[in-house]
Amino acid sequence: MASMLFGVVIFALIFLIRNGQTRDETNETRLIESHSYDQEVFPYLLDSIFFYKRMHVGDNGNWVVVYPLDTATKHEFLIRYQLDIAAKNKFLAKYRAQISPDKTQNIECIQPTLKKRWRSWHSNIHYVQPSEWAKGHDDYKVHDSFIVYGSEKHIKIVEKSCADAKFKVLADPEKFPHRYWAISEKENLLFSVYDIN
């Protein structure tokens, strides 16, 4: 009986480790592909400092790569941003509406961590205080939680940037699954947001 229990425990451990390795490989691939695409658009972009993903419903969610914002990349972003605002305002002019170039938006962000749990060799799941509106959901306790892949060294600056919630957002209709880039000028960060389907 003891040897059978031991066998089940060993099998469960092997399964968990293998499942974690598969997730890590998927996240590594996402990170490489994301950085490659972001580097194409913003050639002066530095290496990423933070990578996280949030799942929403079922298999849908987002993965986000965070970069330090250097001067050349910020300049390139703001030029594209101004052109995007001008194009939208040209379209909206017939409706007598305007978008301010100083308009800020919320983005796919994280909240401060209440507790975290080991997920795999390279990732941890971070639990946050869920929104009140989610109380009726089955997954209330994990609502708004996120998974960090790789280093968590810069988590506090990303949380601070997200708490400030003042981002300039540049949509990317060209390349799926990429959705948009956003900058936090106060914290000098560039967020690159991708869909997970």
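Annotations for the structure displayed:
- Matching residues, segment 167-197, being among the basic types (Lys, Arg) and crowded, with 18+ Cβ neighbours inside 10 Å: LYS168, ARG179
- Candidate set from segment 1-46 (those that are assigned to a loop (DSSP other than H, G, I, E, B) and at pLDDT 70 or above); member that is most open to solvent (accessible area, probe 1.4 Å): TYR44
- Pairs are defined by a Cβ separation below 6 Å, a sequence spacing of at least 6 or placement on different chains, a first member in segment 29-44 that is in contact (Cβ under 8 Å) with a residue 24 or more places away in the chain, and a second member that is of a type outside the set (S, T, N, Q) and assigned to a helix (DSSP H, G or I); the pairs so defined are PHE42/GLU76; TYR44/ALA72.
- Counting residues in segment 126-146 that are modelled with pLDDT of 85 or more and not in a helix (DSSP H, G or I) gives one or more.
- Residue in segment 78-92 that is at pLDDT 80 or above, of a type in the set (Val, Ile, Thr) and within 18 Å of the chain's Cα centre (by Cα) present: no
The values are calculated or read from the model by the stated rules, or taken from the named source; none is laboratory data. This structure is a prediction, so every number in the text was calculated from the model and none was measured. As a convention, Cβ positions derive from the backbone with ideal geometry for all residues, glycine included, and neighbour counts pool all protein chains shown. Each accessible area value is taken on the protein alone, full model and side chains, heavy atoms only, with ligands, DNA and RNA left out. Shrake-Rupley method; radii C 1.70, N 1.55, O 1.52, S 1.80 Å.
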